[in-house]
Ligand code: ARG
């Protein structure tokens, strides 16, 4: 009887130990999912040029500090991000991701942290469109699954939209005359244009305002609360403004992009 009790106790102790170990494993990092070709929000940079850096990374670091865990970044295709969140491969997505009703059905979004819009990139010297009408029936490159993808299809017809997995490839296709225009978010467009001023021109047409949010798995209210607290704190203590100044003012045009 006594022996049995000890046995049970040992089994119990091992179970507790195991649970503690596995819990520690899954909570060792706060994992951010992103698609690091969207300067200045996320791009490759740093001393060796291989690190994922950007505005979103700085915001994510602030969130990780709040949560009390080191940040780990998983770089993947843009359209893999929300499935990865759902599968528990990442804890949060920061990818200059626009809050849309469709996406909000599958994930929960934080408070908006950046106001954006779509713009048009074109080859320098081509006739400049003055309204969305001028894009009708013309070919447009986009990054697959982005709001720019949807906007371009609405304007030009989906048969005229060329979807690229990579946003850089979409811009390179424009520079190589494979399409007439590219539709993408304003800040990355500014970066690509400043990097290639002789080749690219940026055009603003009547696109809607968009708001970026941090996405978490549906129902992860605990993390979502920490994220919203962090967003409020960095806005109040000046960190947010410093991130904007560094990434949107000082670092403009630092994104790597070279046409093949
Ligand atoms: N804001 C756009 C969207 O939500 C584009 C985001 C692309 N982000 C990226 N990291 N490639 O669809």
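Of all DSSP beta bridges located in the stretch 20-100, what percent are antiparallel, nearest 5? Percentage antiparallel, nearest 5: 35. Note on residue 105 and residue 133: their simple-model spin labels are 3.4 nm apart, each label 7 Å out from Cα toward Cβ.
Sorting 103, 239 by the number of Cβ atoms found within 10 Å of their own Cβ, with the fewest placed first, yields 239, 103. Compute the long axis of helix 186-195 from its Cα atoms, compare it with the longest principal axis of the Cα atoms of the chain, and write down the angle in degrees, 0 to 90, nearest 10. Approximately 60 degrees, to the nearest ten.
Could you please rank 249, 179, placing first whichever residue has the fewest other Cβ atoms within 10 Å of its Cβ? Please report the intermediate quantities before stating the final value.
Working: 249 9, 179 24.
Arranged by neighbour count, lowest to highest, 249, 179 become 249, 179.
Computed from the C-alpha gyration tensor, the three semi-axes of the ellipsoid equivalent to the stretch 121-260 are 31, 19, 14 Å, from longest to shortest.
Note down, for the stretch 20-100, the three equivalent ellipsoid semi-axes (square root of 5 times each alpha carbon gyration tensor eigenvalue), biggest first, whole angstrom.
On the way: eigenvalues 87, 50, 26 Å².
With the √(5λ) rule applied to the stretch 20-100, the semi-axes are 21, 16, 11 Å.
Taking the number of Cβ atoms within 10 Å of each Cβ as an exposure proxy, the fewest-first ranking of 222, 74 is 222, 74.
The stretch 175-232: Rg/Rh from Cα coordinates, Kirkwood Rh? Present the calculation step by step, with values, prior to reporting the outcome.
Working: Rg = 17.6 Å, Rh = 14.8 Å.
Taking Rh as the inverse mean 1/r over Cα pairs, Rg/Rh reads 1.18.
The Cα trace of the stretch 42-153 gives Rg and Dmax of 17.1, 53 Å, the first to one decimal, the second as a whole number.
Which percent, to the nearest 5, of DSSP beta bridges fully inside the chain are antiparallel? Write down the numbers at each step before the final one.
Details: 23 of 36 bridges.
Restricted to the chain, the bridges split so that about 65 percent are antiparallel.
The distance separating the Cα centre of the stretch 77-103 from that of the stretch 203-257 comes to 15 Å.
So what's the angle, to the nearest 10 degrees on a 0 to 90 scale, between helix 2-26 and the longest Cα principal axis of the chain? Its long axis makes an angle of about 20 degrees.
Taking Rh as the Kirkwood radius computed over C-alpha pairs, what is the Stokes-Einstein D of the chain at 37 °C in a medium of viscosity 0.692 mPa s, expressed in µm² per second? For these conditions, the coefficient is 165 µm²/s.
Which residues does a label at residue 232 reach in the stretch 200-226, if reach means a backbone N under 17 Å from a point 7 Å past the Cα toward the Cβ? Under 17 Å, as judged by backbone N against the label point of residue 232, lie 214, 221-226 of the stretch 200-226. Mind giving me the nanometre distance, one decimal, between the label points for residue 218 and residue 203, set 7 Å out from Cα along Cα→Cβ? So the two model labels end up 4.0 nm from each other. Highest GNM mean-square fluctuation among 41, 181, 243, for the chain modelled with Cα contacts below 10 Å: 243. Highest GNM mean-square fluctuation, the chain, Cα pairs closer than 10 Å: which of 205, 224, 184? Of 205, 224, 184, the most mobile in the Gaussian network model is 205. Tilt of helix 147-156 relative to the longest C-alpha principal axis of the chain, in degrees (0 to 90, nearest 10)? It works out to around 30 degrees.
Quick note: the coordinates plus some simple rules give every number you see, no bench work behind them. Note that the structure is a prediction, hence the values are computed from the model and not measured. Methodologically, a virtual Cβ is constructed for each residue, glycine included, from the backbone with ideal geometry; neighbour enumeration extends over all protein chains shown.
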